[in-house]
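Quick notes on the structure that follows.
The values are calculated or read from the model by the stated rules, or taken from the named source; none is laboratory data. Not measured: the values here are computed from a predicted model. Positions of Cβ are generated from backbone atoms using ideal geometry, with glycine treated the same way; all protein chains shown enter the neighbour counts. Side chains are part of the model used for accessible areas, which takes the heavy atoms of the whole protein and leaves out ligands, DNA and RNA. Shrake-Rupley method; radii C 1.70, N 1.55, O 1.52, S 1.80 Å.
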Amino acid sequence: MTDGRGRPTVFNETLQAEFLRLVADGVPVGEAAAKVGVGRKTPSQLAARNRRFAAALADAKTTGREARFAPERLTHGDPATYNHGCRCTRCTAAATRARAESRARSNNPDRKTAHVLPLPDTQPATGETEFLRAG
């Protein structure tokens with residue numbers, strides 16, 4: 001809370017604890033912020049001002065990353081599982097398929113491209129330049 005001046009605190013200690021619990025459970029930071037009703041930058045701004053919260057956020061991110069990519073939470077046949085170390089045939093095939101689809105999307109002629117203007121025509125070449133004629 002504030003001491004009577006300025007805007008009241010929205011990201012109070014109760015919401016901070018809930019946010020940190022969500023992040024530690026593997027919820028991405030932006031989604032966790034939205035679930036507790038604050039902007040996605042609010043936690044990082046608080047971490048920049050409050051060392052205790054910054055340390056707790058770093059710990060929650062580490063725990064959340066471990067939880068999110070735990071072998072029991074990853075599903076075989078998903079490219080993300082291959083990216084996190086599984087080399088079974090299903091995960092390898094899924095990653096290969098995802099890369100091929102990504103390449104196909106980037107080579108698609110229907111995708112929007114930048115409009116390139118042609119360069120203006122230059123003067124016809126005479127075989128010599130102004131520099132050579134002057135000397």
TODO: Using the structure shown, decide if Arg97 is without any contact (Cβ under 8 Å) to a residue 40 or more places away in the chain and part of a loop (DSSP other than H, G, I, E, B).
DONE: no
TODO: Would you mind finding the one in Ala100, Ala95 that is small (Gly, Ala, Ser), more than 20 Å from the chain's Cα centre (by Cα), open to solvent by less than 100 Å² (accessible area, probe 1.4 Å) and modelled with pLDDT of 85 or more?
DONE: Ala100
TODO: With respect to Gly85, determine if the residue is at pLDDT 70 or above, in contact with a Lys or Arg (Cβ under 6 Å, 6 or more places away or on another chain), assigned to a loop (DSSP other than H, G, I, E, B) and surrounded by 10 or more Cβ atoms within 10 Å (Cβ to Cβ).
DONE: no
Open item on the list: Would you confirm, using the coordinates I've provided, whether Asn83 is closer than 22 Å to Ser102 by Cβ and free of Cβ contacts under 8 Å to residues at least 40 places away in the same chain?
Closed with: yes
TODO: Name the residue, out of Gly64, Gly77, that is assigned to a loop (DSSP other than H, G, I, E, B) and open to solvent by less than 70 Å² (accessible area, probe 1.4 Å).
DONE: Gly77
Open item on the list: When you check Glu31 against the structure, is it at pLDDT below 95, farther than 20 Å from Arg65 by Cβ and of a type in the set (Asp, Glu), yes or no?
Closed with: no
- [ ] Starting from region 44-59, take each residue that is more than 14 Å from Ala17 (Cβ to Cβ) and list its partners that are among the aromatic types (Phe, Trp, Tyr) and surrounded by 13 or more Cβ atoms within 10 Å (Cβ to Cβ), counting only C-beta distances under 6 angstrom and pairs at least six apart or across chains.
- [x] Ala47/Phe53
